[in-house]
Amino acid sequence: MVQGVFISRVNKGSAAEASGLESGDVIVAIDKHRVSGVSELQEWVARKRPGQSVLVTYLRNGLEKEVVSVLKNFEGSEEVKERTVRYEIEGAHFEDLSYSKLNELNLDGGVRVKNRNRQMENCRSERGFCYYTY
């Protein structure tokens, strides 16, 4: 039995279309990391940014093939775009870190604390960031 992610449809203008992936293909690995489901595929792709490449290993008609795919952003281009996401949790306000800040800090993800509530008073804060000690 084959484990992977079945492609039911390829969106026009997508990185998959540009790479030549087709409906009916089964993605079995991203950058040589085997994937058995959508969440694993998303996990490996999410480690990259638009404009970066991933090696996609897939099955077509029972044959294993590889293609390099250049990732695209939410607008469909290869350009890294700033996209601010803000949210509130129990009165504390957060926003996602920008791509440039993530790169500067060598992080894959993170949030900036915009303001704290009483529950966060024991949190050490430095230049808008929050560090928890366990």
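The values are calculated or read from the model by the stated rules, or taken from the named source; none is laboratory data. Owing to the predicted nature of the structure, the values given are computational and were not obtained by experimental measurement. Cβ coordinates were reconstructed from backbone atoms using ideal geometry, including for glycine residues, and neighbour counts include every protein chain displayed.
With respect to the stated conditions, VAL10 is β-branched (Val, Ile, Thr), assigned to a loop (DSSP other than H, G, I, E, B) and under 19 Å from the mean Cα position of the chain (by Cα). Residues in segment 1-16 that are of a type outside the set (Lys, Arg) and exposed (fewer than 13 other Cβ atoms within 10 Å of the Cβ): 7 in all.
Check whether at least one residue in segment 57-66 is touching a Gly at 6+ places or on another chain (Cβ under 9 Å), modelled with pLDDT of 75 or more and aliphatic (A, V, I, L, M), and report yes or no. Yes, that holds for at least one residue.
For (1) under 18 Å from the mean Cα position of the chain (by Cα); (2) without any contact (Cβ under 8 Å) to a residue 12 or more places away in the chain; (3) on the phi < 0 side of the Ramachandran plot; (4) not assigned by TED's automatic domain parsing to the domain that holds GLY110, each residue gets a yes or a no:
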residue: GLU17; (1), (2), (3), (4): no, yes, yes, yes
residue: GLY24; (1), (2), (3), (4): no, no, no, yes
residue: SER36; (1), (2), (3), (4): yes, no, yes, yes
residue: LEU41; (1), (2), (3), (4): yes, no, yes, yes
residue: VAL45; (1), (2), (3), (4): yes, no, yes, yes
residue: PRO50; (1), (2), (3), (4): yes, no, yes, yes
residue: VAL56; (1), (2), (3), (4): yes, no, yes, yes
residue: LEU59; (1), (2), (3), (4): no, no, yes, yes
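The number of residues in segment 14-49 being closer than 17 Å to VAL67 by Cα, at pLDDT below 90 and assigned to a loop (DSSP other than H, G, I, E, B) comes to 2.
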